[in-house]
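The structure under discussion appears below in the form of structure tokens.
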Amino acid sequence: MFKATAMPDRDWWQTLWPDPARVLGMVGIQRGMTVLDLCCGDGYFTAPLSGLVDGRVYGIDLDAGMLEQTRREIEQSGVPPVHLIEGDAFDLPALVPEKVDYVLLANTFHGVPDQTALSKVVHAVLKDSGLFGIINWYPKPREQTPVLGKPRGPSTEMRMSPEAVRKVVEPAGFTLERLVELPPYHYGAVFRKRDGEESKR
């Protein structure tokens, strides 16, 4: 697992984002897309993703227990089945059998040890002009991001500004397309794969 990326209690995600499908729409995920939920955890976004894009979803996580929770979440939600895959995020090209339109990485990027390397792996599994959406905590002091009365999120020193994210993702073959406010404490950085980038490698 990446550093400081363990899944929190479900109740405080629901407090932060009671409508996860709305968050997904805000970062540009649309019906008909094929989407990869990278480091999907317990499925808080995975099940709404399946309902939003009509089941064209891959969920990947290193933790088999998390994937089982995701599977139960999908079954209970009544959305179309999702392709759940146990594996390392850095092995994406070997794990995903097709190119996808969108890779979502929520609340995890701050703990990735080599963020540009992971971005290159994401680049490899995206279709031309595909999107890479990163949901991150703003770099506020942890004491200033309480949920249900307690400080939450990664340590203050691990948090990344949008500019810090841009500097490590764009060298992997992306262009920052837009930033999205995700109140109360998050932003979404949506990157587009540069056309023809693979042919230059």
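For the reader, a short list of remarks on this structure follows.
- Odd one out for G28, checked against (1) crowded, with 17+ Cβ neighbours inside 10 Å; (2) farther than 15 Å from F132 by Cα; (3) at pLDDT 95 or above: (2)
- Sole exception among (1) surrounded by fewer than 18 Cβ atoms within 10 Å (Cβ to Cβ); (2) in contact with a strand residue (DSSP E or B) (Cβ under 8 Å, 6 or more places away or on another chain) for Q76, by number: (2)
- Flag for K140 being basic (K, R), closer than 22 Å to W12 by Cα and surrounded by fewer than 21 Cβ atoms within 10 Å (Cβ to Cβ): yes
- The condition (being touching a residue at least 60 places away in the same chain (Cβ under 8 Å), more than 16 Å from G133 (Cα to Cα) and surrounded by fewer than 14 Cβ atoms within 10 Å (Cβ to Cβ)) is satisfied by just one residue among D63, D54, D88, D11: D11.
The values are calculated or read from the model by the stated rules, or taken from the named source; none is laboratory data. Note that the structure is predicted; figures quoted are calculated from it, not measured. Heads up, the Cβs are rebuilt from the backbone with ideal geometry, glycines too, and the neighbour counts pull from every protein chain shown.
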